[in-house]
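The values are calculated or read from the model by the stated rules, or taken from the named source; none is laboratory data. Not measured: the values here are computed from a predicted model. Ideal geometry is used to build each Cβ from the backbone, glycine not excepted, and the neighbour counts take in all protein chains shown. For accessibility, only protein heavy atoms count, side chains too; no ligands or nucleic acids. Shrake-Rupley method; radii C 1.70, N 1.55, O 1.52, S 1.80 Å.
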Amino acid sequence: MGTCEFAAIGWLITLMAVIYTNQKADNRETRKEVRGKVDQLADTLMLLNNTATEYYMDKNRSSSMQEIKIHESFNICIRIIENLYLADKSIGIQENFDNLFELITSGDFESKNLIPGEHNKDLCKDFVLEKEKLIRNLEQWFSKKFQK
Amino acid sequence: MTNKILNIAEEYSDTPAGRYLSDGNYSGQRFRDEFLFPALQNNCEVEVILDGTLGCGSSFLEEAFGGLIREKNMDLAEIESKLHITSSRALYKNKIWQYLKDAQLEKKKKK
């Protein structure tokens with residue numbers, strides 16, 4: 001093998017190493033970006049859960065302010081979830097999110113008949129359970145996708 | 001017969017809320033009775049735009065849309081042929097069609 005061939009192989013190895021390093025860096029960047037969205041979704045769900053619990057249980061709460069906060073949190077969650085689904089359709093959290101939407105905004109939500117108090121504690125427990133299921137599924141998806 | 005666009009935020013309220021008339025001025029029942037049902041009766045196609053609202057609860061959406069079948073005795077097939085939902089929040093669009101299908105199923109069970 002002549003000098004030229006050795007040089008060509010050397011260049012090829014260098015090129016492959018550069019491509020490999022770039023791919024790794026891209027994957028790290030994507031992972032970081034998605035992790036940020038996952039964390040933001042978890043934080044917003046926590047806020048949503050706390051606001052909804054206060055809304056249904058605290059007799060001294062401001063209902064209109066909390067209704068606004070609940071809608072705002074849902075809007076943020078919808079945006080993040082739609083964004084995550086664009087990246088990967090296999091996340092598997094839409095059903096949990098739909099259930100959470102039903103639990104929080106059906107029944108006496110935004111109704112004059114709503115009386116906040118202890119009698120709504122089972123409903124509030126269901127919010128927490130559904131939120132936890134959603135976060136568990138989300139974390140499982142994330143681990144599967146990025147921590148192979 | 002014409003086509004009608006119903007922009008909820010512009011023509012009704014940017015904060016539609018509640019199920020029944022007793023829940024406030026911008027309930028699902030009032031939207032259905034005074035806006036949506038007449039629009040569907042008098043037009044070939046109706047496009048409902050949900051963008052621009054703060055958000056819509058399940059109680060509002062279910063009463064406004066599911067109530068077309070339950071209270072106004074409309075048929076799902078007729079609604080499907082006339083109604084178009086526009087929303088950047090896909091959740092609302094999916095929910096509306098789910099409420100309509102559920103209401104149709106309930107109606108069939110009662111017959």
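Summary value for segment A:35-146: 37 percent relative contact order, contacts being C-alpha pairs under 8 angstrom separated by 6+ residues.
Calculated [222 nm] ellipticity per residue, helices only, for chain B: -10500 deg cm²/dmol; basis is -39500 (n - 2.57) per DSSP H run with n ≥ 4, divided by all residues, nearest 500.
Along the axis of the charge dipole computed for chain A (Cβ charges of +1 for Lys and Arg, -1 for Asp and Glu, origin at the Cα centre), the listed residues A:Gln140, A:Thr53, A:Phe97 are led at the positive end by A:Gln140.
Among the listed pairs B:Lys72/B:Lys95; A:Lys69/B:Lys101; A:Lys69/B:Lys93; B:Lys72/B:Lys93; A:Lys37/A:Lys59; A:Lys89/A:Lys144, those with a Cα-Cα distance over 23 Å are A:Lys69/B:Lys101; A:Lys37/A:Lys59. Per-residue shielding of A:102-108, expressed as the average number of other chain Cβ atoms within 10 Å of the residue Cβ, stands at 5.
What do you get for GluC sites (Glu not before Pro) in segment B:14-111 restricted to DSSP loop and a cutoff of at most 14 other Cβ within 10 Å of the site's Cβ? Intermediate results must be reported in sequence, preceding the final value.
On the way: sites: B:Glu34, B:Glu45, B:Glu47, B:Glu62, B:Glu63, B:Glu71, B:Glu78, B:Glu80, B:Glu106; in loops: B:Glu71.
Within segment B:14-111, the qualifying GluC sites (Glu not before Pro) (loop, at most 14 other Cβ atoms within 10 Å) are B:Glu71.
Counting only protein heavy atoms and a 1.4 Å probe, the protein assembly as shown has 55 square angstrom of accessible area per residue. Note on segment A:108-148 and segment A:8-51: Cα centroid distance 28 Å, given to the nearest whole angstrom. Surface composition of the protein assembly as shown: carbon and sulfur atoms hold 53% of the protein heavy-atom accessible area at a 1.4 Å probe.
Quick check on segment B:2-110: take the gyration tensor over C-alpha atoms, sort the square-rooted eigenvalues as a ≥ b ≥ c, and tell me if it's rounded (a/c under 1.5), prolate or oblate.
Taking the square roots of the gyration eigenvalues as a ≥ b ≥ c, segment B:2-110 is rounded.
Interface size between chain B and chain A, please: total buried accessible area, 1.4 Å probe, rounded to the nearest 100 Å².
1500
Classification of chain A by its C-alpha gyration tensor yields a prolate form. The axis ratio a/c (a ≥ b ≥ c) is 1.5 or more, and a/b outweighs b/c.
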